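The values are calculated or read from the model by the stated rules, or taken from the named source; none is laboratory data. Since we're looking at a predicted model, the values are computed, not measured. Methodologically, a virtual Cβ is constructed for each residue, glycine included, from the backbone with ideal geometry; neighbour enumeration extends over all protein chains shown.
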Amino acid sequence: PIASQLVQRRAFHQVPRESRPPKILITGGLGQLGIECAKLLRTQYGSHNVILSDIIKPSQSVLENGPYIFADILDFKGLQKIVVDHRIDWLIHFSALLSAVGEQNVPLAVRVNIEGVHNVIELAKQYKLRIFVPSTIGAFGPDSPRNPTPNVTIQRPRTIYGVSKVHAELIGEYYYHKFGLDFRCLRFPGVISSDPPGGGTTDYAVAVFHEALRNGKYTCYLRPDTRLPMMYIEDCLRALLEFMRAPNEQLKRRVYNVTAMSFTPEELFAQLGRHVPNLHVTYKPDSRQLIADAWPQVFDDSDARRDWHWQHKYDLVNLVDFMIKDVQDNYI
Ligand code: AKB
């Protein structure tokens, strides 16, 4: 019997990771992407296999959707305990201060965006986790080519957010080459979802839907001709899932640009006018304009399309149609 137990145990340990669903921890889970990301992953891997975490008290509906726990990304031991207790395989690290809010509190952005990444990268190395860290169009700066911005080019961002994301890309690649860490990173454009983001430069493209449907007017903090790369949340999360599932052999790099479209405020508001014909827009550019002026206008994601067959589904016209419906159903 002991021998057969041993055989059984060995057999259990030999089950390759992919043949059972991964156990996934999402940090910063109550930000713009976490709740919808957990919903998508739960449809694929089962509710109990996807744990949402943050330092914020969750709403009742978050609790009803699946497991939620407290996790502070600055507490390394606390994170270790979660990974061990829940036998985590994949870590999706969303915790970050975004571009505009990072400029308001640089020391906090350094702690959350840089120290936080050190903690999760080291944890992923120790416990052999597959780790996803999002990067951004904000990882480029005024010296980068802006139209189009290729996957590999000059990166000299001028926000602490951008600096911290370049740091995440580099340390992740370093751990991959030095320790074999399965680090995966997508540079996202502005992500458009009905759940409000917090403190980004691309947020106008979300806020305008809420304001237009509530009040019929909006004051935009970017100039009408500010072109930025964008993507609907469903495309963003599908990119994340497909990329996490891609076999290692398919990946020619650890960091990929992904995008779906590029538009200006003027172009977005013109489309929105189909649904809100009397929409009244005024423009009052503020410090976020300076950030946007140094970011890519058109993002070249041909490497992702070639290597792991990335394809977006939503363009500007159907993005607007879906957003109107999402905001109306959930917020109005
Ligand atoms: C921001 O505007 O800061 C983010 C981003 C593009 O990374 N939405």
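Numbers for the structure displayed
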read-out: Strands (runs of 3 or more DSSP E) within region 11-108 that include 2 or more residues of a type in the set (A, V, I, L, M, F, W, C) and crowded, with 18+ Cβ neighbours inside 10 Å; value: 24-27, 50-54, 90-93
read-out: Matching option when the condition is at pLDDT 95 or above, in a helix (DSSP H, G or I) and within 15 Å of the ligand (Cβ to nearest atom), among Arg288, Arg305; value: Arg288
read-out: Filter result (touching a Leu at 6+ places or on another chain (Cβ under 7 Å) and away from the ligand (no atom under 14 Å from the Cβ)) within region 106-120; value: Leu108, Arg111, Glu115, Gly116, Asn119, Val120
read-out: Where a residue in region 90-105 is more than 22 Å from Phe76 (Cβ to Cβ) and its partner, wherever it lies, is surrounded by fewer than 22 Cβ atoms within 10 Å (Cβ to Cβ) and of a type in the set (Gly, Ala, Ser), with Cβ under 7 Å and at least six apart; value: Leu98/Gly198; Leu98/Gly199; Ala100/Gly199; Val101/Gly198; Val101/Gly199
read-out: Test for Arg274: is it basic (Lys, Arg) and either within 15 Å of the ligand (Cβ to nearest atom) or in contact with a Pro (Cβ under 7 Å, 6 or more places away or on another chain) (or both); value: no
read-out: Subset of region 177-210 (residues that are buried (at least 20 other Cβ atoms within 10 Å of the Cβ) and over 18 Å from the mean Cα position of the chain (by Cα)); value: Leu181, Val208, Phe209
read-out: Only listed residue being among the aliphatic types (A, V, I, L, M), within 17 Å of Val206 (Cα to Cα), in a helix (DSSP H, G or I) and touching a residue at least 24 places away in the same chain (Cβ under 8 Å), chosen from Leu241, Leu268; value: Leu268
read-out: Looking only at region 141-159, and only at residues there that are of a type in the set (S, T, N, Q) and within 18 Å of Ser262 (Cα to Cα), the one that is surrounded by the most Cβ atoms within 10 Å (Cβ to Cβ); value: Thr149
read-out: Any hit, region 162-180, residues being in contact with a Gly (Cβ under 7 Å, 6 or more places away or on another chain) and near the ligand (Cβ under 10 Å from one of its atoms); value: yes
read-out: Test result for Gly216, more than 14 Å from the ligand (Cβ to nearest atom) and either within 25 Å of the chain's Cα centre (by Cα) or not hydroxyl-bearing (Ser, Thr, Tyr) (or both); value: yes
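Table: residues versus (1) surrounded by 14 or more Cβ atoms within 10 Å (Cβ to Cβ); (2) more than 30 Å from Lys252 (Cα to Cα).
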site	(1), (2)
Pro285	yes, yes
Gln289	yes, yes
Trp295	yes, no
Asp300	yes, no
Ala304	yes, no
His312	yes, no
Asn318	no, yes
Lys325	no, yes
